Amino acid sequence: MKAVSKVIIGIVYAFLYAPLLYMVIFSFNAKKSLAVFGGFSLKWYQDLFNMGEVMESLRWTLILAVLSALIATVFGTLAALGLYMARNKFYKQSMLAVTNIPMMNPDIVTGISLMLLFVFIAGIMRRSESLSFATLLIAHVTFNLPYVILNVLPKLNQTDKNLYEAAQDLGAPPAKAFFLVVIPQIVPGIISGALMSFTLSIDDFIISYFTAPAEILTLPLKIEGMTRKTMPPTIYALSTLMLITTMVLLLLINIIQSRSDKKTAKVAKP
């Protein structure tokens, strides 16, 4: 039975990671062929960095990811704090359920609904163009917020409420007590939420497709446009770089969460 389970697990992981491995290997192919490996080469990476349109898309992607992650982290942390301090259990559970809806909702539904909202607002304001970088940024902040809240809230639940009150009893103003006592304890959750928001923003295609203006192309949108007619090898190189970036960020998130859990377990021990 164990042998059968191992075989099934191996088949599943092969289907999951074989395409990614194929993409990474052929991004270093000296030939233009996507079927025959003709030797190791960095040619496609060099060509990639010489493509001005791709670099422009990279610039927009990084600006969008950084801004959306920062804004979502600030507002998500404040929202998590509000939920943590809520005394009404029904209200708290209702807000948590509402927070989970954007995560469970299909991206295409979220993208279309946001696009319709922006078009409606532009009509009220009598603007000819309904989509802009601002609408794209708002859309990214919207789907990043739940991930920040659900990363910060568990850390708040693990904090000792008496520490905040003790800091105030010792003379610290409420704001100072919050930043000196509460914030250091939830920093791992804040960092994890920020990194996850950055990762999701870089990878997003569907919501960006419906909320981005024509003159702004993020990397996923640029890749989709480049693959409509042919599949140039530079796409493999670009996708490999995005894969590595995502894996590094996810690894950082796991390391931060693991260290935080170990620290919490040590404190919990008598």
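Suppose we filter Thr230, Thr240, Thr234 for residues that are surrounded by fewer than 15 Cβ atoms within 10 Å (Cβ to Cβ) and closer than 19 Å to Lys31 by Cβ; which single one remains?
Details: Thr240 fails: surrounded by fewer than 15 Cβ atoms within 10 Å (Cβ to Cβ); Thr234 fails: surrounded by fewer than 15 Cβ atoms within 10 Å (Cβ to Cβ).
Going through Thr230, Thr240, Thr234 in turn, the sole match is Thr230.
I'm trying to understand the selection: among the residues of region 132-149, which are touching a Ser or Thr at 6+ places or on another chain (Cβ under 7 Å) and among the hydrophobic types (A, V, I, L, M, F, W, C)?
Within region 132-149, Leu136, Leu137, Ala139, Val141, Phe143, Val148, Ile149 meet the criteria.
Which residue pairs have Cβ atoms closer than 8 Å, lie 6 or more positions apart in sequence or on different chains, and pair a first residue in region 7-26 that is of a type in the set (Phe, Trp, Tyr) with a second residue that is surrounded by 11 or more Cβ atoms within 10 Å (Cβ to Cβ) and part of a helix (DSSP H, G or I)?
Phe26/Pro233; Phe26/Tyr236
So that you can scan it fast, the table gives a plain yes or no per residue for (1) modelled with pLDDT of 85 or more; (2) in contact with a Leu (Cβ under 8 Å, 6 or more places away or on another chain):
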site	(1), (2)
Ser33	no, no
Asp47	no, no
Met51	no, no
Trp60	yes, yes
Ile63	yes, no
Leu67	yes, yes
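Any residue that is surrounded by 14 or more Cβ atoms within 10 Å (Cβ to Cβ) and outside any helix (DSSP H, G or I) - is there at least one of those in region 49-57?
Yes, there is a match, as at least one residue in region 49-57 is surrounded by 14 or more Cβ atoms within 10 Å (Cβ to Cβ) and outside any helix (DSSP H, G or I).
Every residue, every condition in (1) touching a helix residue (DSSP H, G or I) at 6+ places or on another chain (Cβ under 8 Å); (2) of a type in the set (A, V, I, L, M), yes or no:
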{"site": "Pro220", "(1), (2)": "yes, no"}
{"site": "Arg228", "(1), (2)": "no, no"}
{"site": "Met231", "(1), (2)": "no, yes"}
{"site": "Ser239", "(1), (2)": "yes, no"}
{"site": "Thr245", "(1), (2)": "yes, no"}
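Since Ile108 meets every condition but one in (1) touching a residue at least 24 places away in the same chain (Cβ under 8 Å); (2) crowded, with 16+ Cβ neighbours inside 10 Å; (3) of a type in the set (A, V, I, L, M, F, W, C), which condition does it not meet?
The one condition Ile108 does not meet is (2).
Filter region 125-167 down to residues that are part of a helix (DSSP H, G or I), of a type outside the set (Val, Ile, Thr) and touching a residue at least 40 places away in the same chain (Cβ under 8 Å), then give me how many there are.
Qualifying residue count, region 125-167: 17.
Please state which of the following conditions Ala97 fails to meet, knowing it meets all the rest: (1) closer than 30 Å to Thr142 by Cα; (2) at pLDDT 85 or above; (3) surrounded by 10 or more Cβ atoms within 10 Å (Cβ to Cβ).
(3)
I'd like to know if region 62-75 contains one or more residues that are surrounded by fewer than 12 Cβ atoms within 10 Å (Cβ to Cβ) and either free of Cβ contacts under 8 Å to residues at least 60 places away in the same chain or over 18 Å from the mean Cα position of the chain (by Cα) (or both).
So the first thing to find is which residues in region 62-75 are surrounded by fewer than 12 Cβ atoms within 10 Å (Cβ to Cβ), and the list is none.
So far as region 62-75 goes, no, none of its residues is surrounded by fewer than 12 Cβ atoms within 10 Å (Cβ to Cβ) and either free of Cβ contacts under 8 Å to residues at least 60 places away in the same chain or over 18 Å from the mean Cα position of the chain (by Cα) (or both).
Looking only at region 85-124, which residues are part of a helix (DSSP H, G or I) and over 29 Å from Tyr209 (Cβ atoms)? Steps first, please.
Of all residues in region 85-124, those part of a helix (DSSP H, G or I) come to 85, 89-104, 107-124.
Across region 85-124, the qualifying residues are Met85, Lys89, Phe90, Tyr91, Lys92, Gln93, Ser94, Met95, Leu96.
Here are some conditions: (1) under 17 Å from Leu150 (Cβ atoms); (2) touching a residue at least 12 places away in the same chain (Cβ under 8 Å). Ala86 meets all but one. Which one does it not meet?
Unmet condition: (2).
So how many residues does region 188-220 have that are assigned to a helix (DSSP H, G or I), more than 30 Å from Ile255 (Cβ to Cβ) and modelled with pLDDT under 90?
The total comes to 0.
Here are some residues: Ala139, Ala172, Ala177, Ala167. Which one is surrounded by 11 or more Cβ atoms within 10 Å (Cβ to Cβ), under 23 Å from Ile63 (Cα atoms) and touching a helix residue (DSSP H, G or I) at 6+ places or on another chain (Cβ under 7 Å)?
Values: Ala172 fails: under 23 Å from Ile63 (Cα atoms); Ala177 fails: under 23 Å from Ile63 (Cα atoms); Ala167 fails: under 23 Å from Ile63 (Cα atoms).
Every option except Ala139 fails the conditions.
The values are calculated or read from the model by the stated rules, or taken from the named source; none is laboratory data. Note that this is a predicted model, so its numbers are computed, not measured. Note that each Cβ is placed from the backbone with ideal geometry, even for glycine, and that neighbours are counted across all protein chains shown.
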